[in-house]
Amino acid sequence: TQTGRIARMLGETDPDPTPLQREIAHLSRTLGIAVLAIATVVISTVWLTSQVTQFSHIVDILLLGVALAVAAVPEGLPAIMSVVLALGVRRMADRHAIVRDLSSVETLGSASIICTDKTGTLTLNRMTLAMVATSAGTREFDGELSSDPKAAQELGVLIASGCIANDAVTSQHHDRIDGDPTDVAFLEAERRMGLRESGSATAHRVAAVPFSAERARMAVATESTDGTRTLHVKGSPEVVLALCARVLEGDSLKALDDARRDLVHADTSALARRGMRTLAVAFRHLNDGETADEHAEHDLTFVGLAGLEDPSRPEAREAVADAQSAGIRIIMITGDHPATALAIAQDLGITATDEKSGAGPQPDSEAGSGSPAVLTGVALADLDEQSLRRVAAECSVFARVAPEHKLRLIDALQATGDVVAMTGDGVNDAPALRSADIGVAMGMGGTEVAREASSMILTDDNFATIVTAVREGRGILDNIKRFLRYLLASNAGEVLTVFLGVIGAAVLGLSGHGEVIVAPLLATQILWINLMTDLGPALAIGAEPYAADLMSRKPRKPTDRLIDGRMWRGVALTGMVMAVVTLLALDALLPGGLIEGSESLDTARTAAFTVLVLTQLTNAFSARSETVSIVKNLATNRWLWGAVTLSALLQVAVVHMPVFNRAFSTAPLTLSQWAMCVALSAVVPLVVEIRKWILRRHDA
C-alpha cells in the first residue's frame, strides 16, 4: 500500500547527528582524555613533592586531584547549552517557527542550502483565475461572458467542468469557500460570473477519482436527470492533453490534431512564463454501463486552460536576498509547470534573468547539457547519482517534482557536503523531511505525518520565517562559542595555576609552611571558583545580543570545528596569563619567594584565590568576541553586568565574612592587597586586547 511504502521509506531514513551534537561529542572525548591526564600528572607530582606519611595525606592528595579534575571540566556546559538553546527556541516560536528538537536550532545556523516549496511558502497560496485559453483564444478573466457566442460557450464549459472536478465546499451561509486554493479559485470565478446556483451546485456527483501527485489530475463523474453521465477532469496540461482526442470549439467537437496540440502547448508555456499555475479542463460522456473510474479517463474532449495567479509574498524577495547575502543557496522545488517555476524564481531573485534578452534561460534545457535553468521530475528520475549531484550543484529550480524525487535530491546535495534544510507538507514528503539536516513542515497546510517527521514547524508557512530562524541559529552558535571560550579559558587558568604552583612550590615560597600538600589553592577554593564561573557569568554570555554581521557571513562548513585552532590558542594564552598573575600575587605576599613578602600562607592564598576569580570575571567581557575590542558594546548585556557584579560581591563575602573564612580557609585582605588583586586581574583583558589587535591586523 502507499502507507506501507511511506512507512518503509521512513524506516530506512535515519536522521544524522546534528553538527552541534557531533562537536559536543568530540569536545567531551577531548576533555575526558585531558582531565584524566591532568589529574594523573598533578596527583603524581604532588605525591612525589610531598612527604606522605599518613592515610589522611593520601586522601587530601586524591581530593585535590578530584577537585582539579572537576575544575578542568566545564560541568555547567550541558545546563548552559540547554538554557541557551531553549531561549533561542522561545524567540523562534515568537516568530512563528516551532522547533521540535533543541539541537536542530544550531543546525539551522549552519544551513548552506534551503530547498523550499513555491506555493504557500514563497507565495500567498491565494489563487485567483486570471486568464483562460480556449479554442476562441486567450483572454483575461474578468468575470464576464464574452460577446462572442463561441468564446462564451467555451468559457462556460471550462468554468463548469472545473467547478465540478472540485473538492472545495461552500459554507452553510455561502460566505466562505473552504478547500484547496486551486479548487477555491474555480468556485470563486463561478460565483463572480453568477453561475453558481445554475452550475456546479446543481450537479449530481456519483463518483470521483481524487487528485494525487502521481496522477497530476482529478476526475469527477456526474449524472443528469435523464441518466446521462459525464466525466469531468482537471489537472496538469501535459497529462490531461495526452488523454484527449477531441477539442471543444463553440458548441461542437473537433478532432485534436497535432496542430491544435502544439497550440495548447504554446498557450500553456505563455501562461506559465507569466508566473501562472496552469490547469487543463476536459470532459467526456460515459457509455451505458461504463465504470466511472480512472480507466474511463480516455478519449476526453479538451475544453481549455486556466491560468491561476498566486502572488508572491511581499517579504519573500527580501528574505531570498538576505539568505543569499548570507551565503545560503535557495532551491525551489515545485509541482508546477517549469516555465511557471522559472518565472517565479526569477521574480524573487532565486535565479538570474538574462539581461540581454530580458528572459531567463530556457526551461526546457536538457539535463545533460551544461547548467539547466529548470530540471523536471521526469529528467531527474533519468539521471544517475553522479549526474544528479553535478546538476543539483548548479540548477536552482526543480519543477513537476514528485515527493520521492525530493529524497534523491536531498541525498545528492548532502553528498557534496552541504547542510540542507527542506520544506514539505504532504505525507509523501515525510521521508525527505526526515533525511534532510533540517526538515521544515508547514503548520497551516501540512499533514500530521510531515510535522512528526520534521525538525521545525512553520506556523505561518512563510519562507521569510525560515530565514529568520537561520539568523537565530547563527546567533545561538555564536553565543555557544562565546561561553565555551570563556569556560575553557577559566578552566585552563585554574588547572595551570595548580599545576605550575605545585611544580614551582619552592620558587614561590610555598614550601616550609608545615603542610603536607604544597598547593597554591585548596580544593574548596577551586570548587568555589568553578561554581562562580560555570553559573551566572557563563549563562549571561549565552544571552549576549547577536552580532550585526550575522547574515553577511558564509555558512559554517560541517567540517569546521566548533573550537578551532585559533580558539584553542586563545584559551591557552588566556589561561596561562591567569595562572601567571595568580601565582604572582601568591609570591608577592609569601616570604621566601621571588618577591619577598611577609604574609601568612592563608592570606597569600586568599589573594591568589581572589586574583583568579577577578581575572575570570573580567575575562567574561573579553570572551564575548575573539577579535572585537572589549570596549565596544560594553553595556549591551545587562545580564552579564548583573552576574559579574553579584559574583564579585560573593567573593568579597568569602574573603571577609568569618563563616566563609573557616569554610574556605581565607583571611581578610587589606585595602592595598585588594588594590594589588584588582591591578593584577587587569593584566588579562590587556593581554587579550593585544591579541585581538594582532588578529584584526592579520585578518585585514
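Annotations
- Selection status of Asp175, surrounded by fewer than 18 Cβ atoms within 10 Å (Cβ to Cβ) and either at pLDDT below 95 or not assigned by TED's automatic domain parsing to the domain that holds Ala399 (or both): yes
- Answer from Gly439, Gly426, Gly443 - the residue that is buried (at least 24 other Cβ atoms within 10 Å of the Cβ) and either assigned by TED's automatic domain parsing to the domain that holds Gln386 or among the aliphatic types (A, V, I, L, M) (or both): Gly439
- Filtering region 441-474 to residues that are part of a strand (DSSP E or B) and touching a residue at least 60 places away in the same chain (Cβ under 8 Å) leaves Met442, Met456, Ile457, Leu458.
- Extreme residue, surrounded by the most Cβ atoms within 10 Å (Cβ to Cβ), among residues of region 206-231 that are under 43 Å from the mean Cα position of the chain (by Cα) and in a strand (DSSP E or B): Ala219
- The residues in region 121-176 that are over 30 Å from Thr459 (Cβ atoms) and outside any helix (DSSP H, G or I) can be counted, and the count is 19.
Listed here are the residues, each with its yes/no results for (1) at pLDDT 90 or above; (2) touching a helix residue (DSSP H, G or I) at 6+ places or on another chain (Cβ under 8 Å); (3) more than 19 Å from Thr301 (Cα to Cα).
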| position | (1), (2), (3) |
| --- | --- |
| Thr182 | yes, no, yes |
| Arg217 | yes, yes, no |
| Leu231 | yes, yes, no |
| Glu249 | yes, yes, no |
| Arg260 | yes, no, no |
| Ala272 | yes, yes, yes |
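- For region 232-244, a residue qualifies if it is part of a strand (DSSP E or B) and either out of contact with any strand residue (DSSP E or B) (no Cβ under 7 Å at 6 or more places or on another chain) or not aliphatic (A, V, I, L, M) (or both), and the qualifying residues are His232, Lys234, Gly235, Cys244.
- Residues being surrounded by fewer than 18 Cβ atoms within 10 Å (Cβ to Cβ), part of a strand (DSSP E or B) and either within 50 Å of the chain's Cα centre (by Cα) or among the polar types (S, T, N, Q) (or both) - total across region 247-269: 1
- Candidates Arg90, Arg95, Arg100 - the one that is within 24 Å of Pro558 (Cα to Cα) and of a type in the set (Lys, Arg): Arg100
- Failed item in (1) under 46 Å from the mean Cα position of the chain (by Cα); (2) buried (at least 18 other Cβ atoms within 10 Å of the Cβ), with Leu300 passing the rest: (1)
- Residues located in region 279-333, provided they are in a strand (DSSP E or B), within 30 Å of Asp257 (Cα to Cα) and among the hydroxyl-bearing types (Ser, Thr, Tyr): Thr301
The values are calculated or read from the model by the stated rules, or taken from the named source; none is laboratory data. Not measured: the values here are computed from a predicted model. We place every Cβ from the backbone using ideal geometry, glycine too, and count neighbours over all the protein chains shown.
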